[in-house]
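Report on one structure; see the data block that follows.
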Amino acid sequence: MLSNACQYAIRSIFYLGMFSDENYKIGVKIISEELEVPQPFLAKLLQQLNRNNLVTSTKGPYGGFYLSEANKNFTVWDIVLVIDGKDKFNQCFLGLSKCGDENPCPVHFTVSAFKQKLFQDFKGKSIAEFVEEIQLKGRFISLKSFDILKPDSDS
């Protein structure tokens, strides 16, 4: 439903919301390492978000990206619109070109309720609210620090 680019953009904005401010800016290299996102791709995404005023950046030796108080008032929906546009969000879950209430795919009505809830949260909660929820409830935007067990190849 959301492109990898949009997922990376959302995660990077949440990361900036948690760890940056006007006095502490973060460079692309650190963000890409922490979120395990390709650095050149993330740099282009952050530039696009900056051009659309969803993140703030400064150049120079103490430069980097951060979220201003104004940036934190934007919503996840604002990010989706900039990166994917509204049409991507409305596409059929199974990829059919003519899916809708009148011509539903096999999972249309199941996914429709899920999409509606997502849409409400994406439009109704600010970045600041998501960041607060991440911090209070211990949610994760990266699995980098986890030791993921891989199945033995001998089994």
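Numbers at a glance
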read-out: Residue check, Thr75 in contact with a Gly (Cβ under 9 Å, 6 or more places away or on another chain) and surrounded by 14 or more Cβ atoms within 10 Å (Cβ to Cβ); value: yes
read-out: Search result, residues across segment 112-155 that are in a loop (DSSP other than H, G, I, E, B) and modelled with pLDDT of 85 or more; value: Lys125
read-out: Selected residue (criterion: nearest to Asp84 (Cα to Cα)) from residues of segment 1-23 that are touching a strand residue (DSSP E or B) at 6+ places or on another chain (Cβ under 7 Å) and of a type outside the set (S, T, N, Q); value: Leu16
read-out: Check on Lys59, at pLDDT 95 or above and basic (Lys, Arg); value: no
read-out: Which numbered condition Ala70 fails, given (1) surrounded by 14 or more Cβ atoms within 10 Å (Cβ to Cβ); (2) at pLDDT 95 or above; (3) aliphatic (A, V, I, L, M); (4) out of contact with any Phe, Trp or Tyr (no Cβ under 9 Å at 6 or more places or on another chain); value: (1)
read-out: Filter result (farther than 28 Å from Gln116 by Cα, assigned to a helix (DSSP H, G or I) and of a type outside the set (Asp, Glu)) within segment 1-34; value: Phe19, Val28, Lys29, Ile30, Ile31, Ser32
read-out: Inter-residue pairs, beta-carbon under 9 Å, first touching a residue at least 60 places away in the same chain (Cβ under 8 Å) and in segment 97-115, second of a type outside the set (Val, Ile, Thr), 6+ apart; value: Lys115/Met1; Lys115/Phe89; Lys115/Asn90; Lys115/Phe93
read-out: All positions within segment 82-111 that are among the small types (Gly, Ala, Ser) and either modelled with pLDDT under 90 or touching a strand residue (DSSP E or B) at 6+ places or on another chain (Cβ under 6 Å) (or both); value: Gly95, Ser97, Gly100
read-out: Filter result (of a type outside the set (Lys, Arg) and surrounded by fewer than 16 Cβ atoms within 10 Å (Cβ to Cβ)) within segment 106-118; value: Pro106, Val107, Phe109, Thr110, Ser112, Ala113, Phe114, Gln116
read-out: Test for Leu45: is it at pLDDT 95 or above, aliphatic (A, V, I, L, M), under 17 Å from Ile10 (Cβ atoms) and surrounded by 11 or more Cβ atoms within 10 Å (Cβ to Cβ); value: yes
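The values are calculated or read from the model by the stated rules, or taken from the named source; none is laboratory data. Please read these numbers as outputs of a predicted model, since none were measured by experiment. As a convention, Cβ positions derive from the backbone with ideal geometry for all residues, glycine included, and neighbour counts pool all protein chains shown.
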